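Asks: One structure follows; several queries about it will come next.
Nothing in this text is a laboratory measurement; each read-out follows from the coordinates by a stated rule. Source: prediction; values computed, not measured. As a convention, Cβ positions derive from the backbone with ideal geometry for all residues, glycine included, and neighbour counts pool all protein chains shown.
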Amino acid sequence: MSAWILVPAVFASLLALGWAGRLAGQKATGNAPTYRDMPLAVAFGYAFALALVVAGVWLYLQPATLDGAPRASVIFWRWAVHFLAASAVAAFVFRLAGRHIGTEGTKKAFRNMPLTAAFGILVVLIYALTAIFAGWIAPHGQSQVFATANVVPGGNAALGGNPEFPLGTDQIGRDILSRLIYGAQNTVGIAFATTLLAFFLGGTLGFLAATLQGWVDQVLSRLVDVLMAIPSLIFSLLLITVASAWVSGAGLTAAMVVIIAVIDSTRVFRLSRAVGMNIVVMDYIEAAKLRGEGLTYLIFREILPNATAPLLAEFGLRFCFVFLTISALSFLGLGIQPPLADWGTMVKDLSAFINYAAFAPQIASAPLLAAGAIALLTVAVNFVVDWMLQRSSGLKE
Amino acid sequence: MTDLLLEMHDVQIEGRSDETWMPIIKGVDLILKKGEVLGLIGESGAGKSTLGLAAMGFTRDGVRISGGTVTFDGIDLRTASAETKRQLLGKRIAYVAQSAAASFNPAHKLIDQHTEAPVQHGTASKAESMADGIELYRRLRLPDPDEIGFRYPHQVSGGQLQRAMTAMAMATRPDLIIFDEPTTALDVTTQIEVLAAIRDIVEQFGTAAIYITHDLAVVAQMADRIKVLLKGEEVEEAETREMLSAPKEDYTKSLWAVRAFQRPAKPAPATDAIPVVSVQTVTAAYGKIPVLHDVSFDIHAGRTVAVVGESGSGKSTTARVITGLLPQSAGVVELDGEPLPADYRKRSKDQLRQIQMIYQMADTALNPRQTIAEIVGRPVEFYTGLKGHAKRNRVAELMEQIELPASEYADRLPSELSGGQKQRIGIARALAAEPKFIICDEVTSALDQLVAEGILRLLARLQDDLNLSYMFITHDLATVRSIADEVVVMKDGRVVEQGRKAEMFRPPHHPYTDLLLSSVPEMDPDWLTNLLAERGVHNIGDAAAASIK
């Protein structure tokens, strides 16, 4: 019942705060246009944002324990704030370094780079390096089993941790840190290969359909329509199940790459066909056709360079989707097969610990580590793609 | 009628590009009295539209007024509150955009869009405003004024749409209307109707107007005073007649002199000469819709044939048939006396090489991701097989011919060139194939007059140097006068009249040729008035349509 009073009361007081703030601004600046022409809704927005910031600071300053028990909300909020602050600092330092180290070209790129893009590049770089050098970086093997199972992350012996395993171990005693590092190699590598394959397939066929049109376009487009009509996750589950009758282990993983690539290439086909259609009507394509140029020249020299911006944006998004699909399949037990470490599988295996979130944040963080790794990469890739798009401004037109 | 309506003093406007503010208008004064029409002219990029919008106290995104004052009827528009401006815009100040087709909302009927401003501003009820709209449509001589408002924008023609837009601007009986190139996108014959309609209605209601255009002849008909802008600065301003008879500044004089370029027509070719390109009784159709009927004409070596007609007359379709993009259903196209395969895919590399094309929009004709050296170099390599150093030399030679030094321009992208320079690159690409015959499709219509003249002179020189033949598609008869040897007039997919240039510009004409010729605006400020009197219509309206029939 109290919510019925509380919500309108908060709303009204924020509205009053906004109104008062706008009035104060008008008085203080001698009726400057910014304050004079500000609608009340905008003033309310500012008041709301201010209230959110105040609430955030207040929560951050709360004691982490209450009557000896840890307060999960405060602890998780602090972690998030610390992580955000550390990310911002890291991105800032990285951008600063980029402005002074490297060739003239990269220096110039870093000079006009927003902080989000610097953060994205830094994260993608770290992931790439981790994936490539996983064998050297990881302290233990990905399938190495230790006697000490269920070690709590954090390395604090008082809370059930072990300094030897800084991020703890899973239920059968494998080092989570090592598995996270190997997971980068497996999950990201396979997702990258799948996306590349999907783009090769979809892009080539899409441009071909756009250039040739006629029956080629009809046949390819209808085929794609049929594939797209089936829900993609169910369809890939079905196909992988069918494939598992013939192959297993690494072979099944390869089959999964092909299956996801084909299903995802339908989206790429649609995009590249649409983009290609807009390009083939240009006069320069007509000029090239009238010159007598062949299909290969038309597609790769005339059309492709003009389609890179939207395709690149799609690549970033598609990579994230493929990545999430693979994680989802692994979560369901059909993706990357054990004993290979994979983030999706790790989330599934450790998911039971999430129940401890309310009273033992340290324990609950185990499954969140792998989930966080997925989320972080997704966000980072999108930051980078956004920035690239802005630079080439291909989508502004 | 002596009181001031709009006063702009030392207005400075800046646009944002690459993190810095670049000046667009560098301190311009503008004064407009009630009921007066001011013509604002200048080439593209001179800041005409920006200044026109600033007269409403408005700027586009990324543009700001950084200095000076804009006072409309005693109200300072730069410091006025958003609410004050809302009361003015659409009620006392209205704006008519260049493309009516892009400015109307395609999802609503004309009359519903017409009534929006009066109803919003509370000057009239919906019913009153509708009745008034129909009255305005009648005054603007729109056909079927009682019904036309209940159509959607795509159901009326471009000229009618532009008049409906003028009616819409008039709906609240504003004190000031800003016309931003309202007739630039229209055919000459349609342009006359719109010009006459706008002039009439502005006179009838005593509305003040700023008329923005790059066409001097048009502004001469419309304006009481003319202001010339160049690169954001005022060149000069004077009463229309004074400005036309005695321009003071060199720049203005050069604008006035542009149309003076005229090349004497070459003598008629020998009767037994084989034409370079011969179009013989060609009939073509898009699907089932016939677009060309029995089109025949010859183009001889070193000659220019101008094909004129309004949009939809089949000019460009003829070019598509000659290039083989649209195979004809009957008739034949011959190159040097040899019949060409109808489909370009069946033509030999050498046949393709002989026929080149230059396009209207240089922006879409050059691949934005290729450098100039690649664009010009590709046909060189493709047709002659030259590579490496030899290819580079040939590109430099071609760039020399179009008067753009390769050392400076070869490594640029098309976006780093001006409109006229891009068009020159288009010419260089055509020349790279070493053709006999070039189709020029409205190559100057997207360019400013000074730049267009430069292109025409270049084409004329190249023709003399290389003995090229041109098919010159245009709707601009001034261009025809300056460059053509022979003229082909087309209408509705048929050749109406053809012959030597001198004959074509001398009466008697086919009635359609007559209409086309008389519709081209002239610099004489009385031209429109006289023409309307001559055509026997007081307010022209549907005169053009009448004289076609």
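Asks: Set the Förster radius R0 to 56 Å, insert the Cβ-Cβ distance between residue A:145 and residue B:125 as r into 1/(1 + (r/R0)^6), and round the FRET efficiency to 0.05.
Replies: It comes out at approximately 0.10.
Asks: I would also like to ask the following. Over every pair of different alpha-carbon atoms in the range A:293-397, take the mean of 1/r and invert it; report that Kirkwood radius in Å.
Replies: When all Cα pairs of the range A:293-397 are included, the Kirkwood radius is 16.4 Å.
Asks: Considering only DSSP beta bridges where both residues belong to chain B, give the percentage that are antiparallel (nearest 5).
Replies: Bridges in chain B are about 55 percent antiparallel.
Asks: Per q in 0.10, 0.15 Å⁻¹, report the Debye log10 I(q)/I(0) for the range A:176-392, using one uniform scatterer on each alpha carbon and no solvent.
Replies: Debye curve over Cα of the range A:176-392, log10 I(q)/I(0) at q = 0.10, 0.15 Å⁻¹: -0.54, -0.99.
Asks: Based on alpha-carbon positions alone, could you give the equivalent ellipsoid semi-axes of the range B:277-518 from the gyration tensor, as √(5λ), descending, whole Å?
Replies: Rounded to whole Å, the semi-axes are 30, 21, 15.
Asks: Assuming 0.36 nm per residue, please report the length gained on full extension of the stretch residue A:379 to residue A:213 beyond their Cα-Cα distance.
Replies: 56.0 nm
Asks: Rg to Rh ratio, the range B:4-257, alpha-carbon atoms and Kirkwood radius?
Replies: When Rh is taken as the Kirkwood radius, the ratio is 0.97.
Asks: Taking N as the number of residues in the range B:174-237, what is its alpha-carbon radius of gyration divided by 2.2 N^0.38 Å?
Replies: With N residues counted in the range B:174-237, Rg over 2.2 N^0.38 Å equals 1.14.
Asks: Fewest to most neighbouring Cβ within 10 Å: what's the order for B:408, B:233?
Replies: B:408, B:233
Asks: What value, in deg cm²/dmol to 500, does the helix sum -39500 (n - 2.57) over DSSP H runs of n ≥ 4 give at 222 nm once divided by the residues of chain A?
Replies: So the helix-based figure for chain A works out to -24000 deg cm²/dmol.
Asks: What is the fewest-to-most order of A:187, A:130, A:308, A:106 by other Cβ atoms lying within 10 Å of their Cβ?
Replies: Going from least to most buried by this count: A:106, A:308, A:130, A:187.
Asks: Need the full-extension length gain, residue B:151 to residue B:79, defined as separation in residues times 0.36 nm minus the C-alpha distance. One decimal, nm.
Replies: 21.9 nm
Asks: Oh, and also: Rounded to the nearest angstrom and ordered from largest down, what semi-axes does the equivalent ellipsoid of the range B:131-216 get from its C-alpha gyration tensor (root of 5λ)?
Replies: 19, 17, 10
Asks: Taking the Cα-to-Cβ direction at residue B:510 and at residue B:393 and moving 7 Å from each Cα, how far apart do the two end points lie in nm?
Replies: Rounded to a tenth, the inter-label distance reads 5.0 nm.
Asks: Helix B:126-139 sits at what angle to the longest principal axis of chain B, using alpha carbons and giving 0 to 90 degrees rounded to 10?
Replies: On a 0 to 90 degree scale, this one is about 50.
Asks: Let me ask something else about it. Tell me, what is the percent relative contact order of the range A:176-392, built from C-alpha pairs under 8 Å that lie six or more residues apart?
Replies: Here the relative contact order equals 27 percent.
Asks: So how far apart, in nm, are the two label points at residue A:101 and residue A:128 if each is 7 Å from Cα heading toward Cβ?
Replies: That separation, rounded to one decimal, is 1.5 nm.
Asks: Would you list, by chain and number, the lysines whose Cα falls below 19 Å from the Cα of residue B:346, excluding same-chain residues fewer than 8 positions away?
Replies: Answer for residue B:346, where 19 Å is the Cα cut-off: A:289, listed by chain and number.
Asks: Same structure, new question: Can you give the FRET efficiency to the nearest 0.05 for residue A:352 and residue A:200, using r as the Cβ-Cβ distance and R₀ = 45 Å?
Replies: The pair residue A:352/residue A:200 has a calculated efficiency of 0.65.
Asks: For the protein assembly as shown, compute Rg over Rh where Rg is the Cα radius of gyration and Rh is the Kirkwood radius from the inverse mean 1/r over Cα pairs.
Replies: A ratio of 1.04.
Asks: Restricting things to alpha carbons, find the Rg to Rh ratio for chain A using the Kirkwood radius for Rh.
Replies: Using only Cα positions, Rg/Rh for chain A is 1.05.
Asks: Quantify how much of the Cα-Cα distance distribution of chain B extends past 29 Å, in percent.
Replies: 59
Asks: Another one. Can you tell me, using C-alpha contacts under 8 Å and at least 6 residues apart, the relative contact order of the range B:277-518 as a whole percent?
Replies: 29
Asks: Any chance you could get the radius of gyration and Dmax over the Cα atoms of the range A:2-63, in Å?
Replies: 14.0, 44
Asks: A further question follows. What Kirkwood radius, in Å to one decimal, follows from the Cα pairs of the range B:82-165?
Replies: Averaging 1/r across every pair of different Cα atoms and inverting gives 13.3 Å.
Asks: Kirkwood hydrodynamic radius, the range B:276-344, all distinct C-alpha pairs: what's the number in Å?
Replies: Mean inverse Cα-Cα distance, inverted, gives 12.2 Å.
Asks: Rounded to the nearest 500 deg cm²/dmol, what is the calculated helix-only ellipticity per residue at 222 nm for chain B, with -39500 (n - 2.57) per DSSP H run of length n ≥ 4?
Replies: Helix contribution divided over all residues of chain B: -11000 deg cm²/dmol.
Asks: Here's a follow-up. Hey, fewest Cβ within 10 Å first, where do A:323, A:76 land in order?
Replies: Result, fewest neighbours first: A:76, A:323.
Asks: Which helices of chain A meet both criteria: a Cα extent of 20 Å or more along the helical axis and a mean Kyte-Doolittle score no lower than 0.5, with helices taken as whole DSSP H segments?
Replies: A:2-29, A:40-61, A:72-100, A:115-132, A:189-212, A:214-229, A:250-280, A:304-331, A:361-392
Asks: Looking at this model, which pairs from B:33/B:231; B:48/B:227; B:227/B:248; B:266/B:436; B:34/B:248 are more than 21 angstrom apart at the alpha-carbon?
Replies: In this structure, B:33/B:231; B:34/B:248 lie more than 21 Å apart at Cα.
Asks: Give me, ordered by chain and number, the residues 5 or more places off residue B:238 or on other chains with an amide H under 5 Å from its own placed amide H.
Replies: Those qualifying (amide H under 5 Å, at least 5 residues apart or on another chain) are B:226.
Asks: Between residue A:136 and residue B:374, what is the spin-label point distance in nm, taking each point 7 Å from the Cα along the Cα→C-beta axis?
Replies: Here the modelled spin labels are 3.7 nm apart.
Asks: Looking at the range B:4-257, what % of its DSSP beta bridges pair antiparallel, to the nearest 5?
Replies: If I count the DSSP bridges inside the range B:4-257, around 60 percent turn out antiparallel.
Asks: Using a Förster distance of 41 Å, how high is the FRET efficiency between residue A:79 and residue A:10, based on the Cβ-Cβ distance and rounded to 0.05?
Replies: The computed FRET efficiency comes out at 0.90.
Asks: Once you keep just the Cα pairs under 8 angstrom separated by 6 or more residues, what percentage relative contact order results for chain B?
Replies: 16
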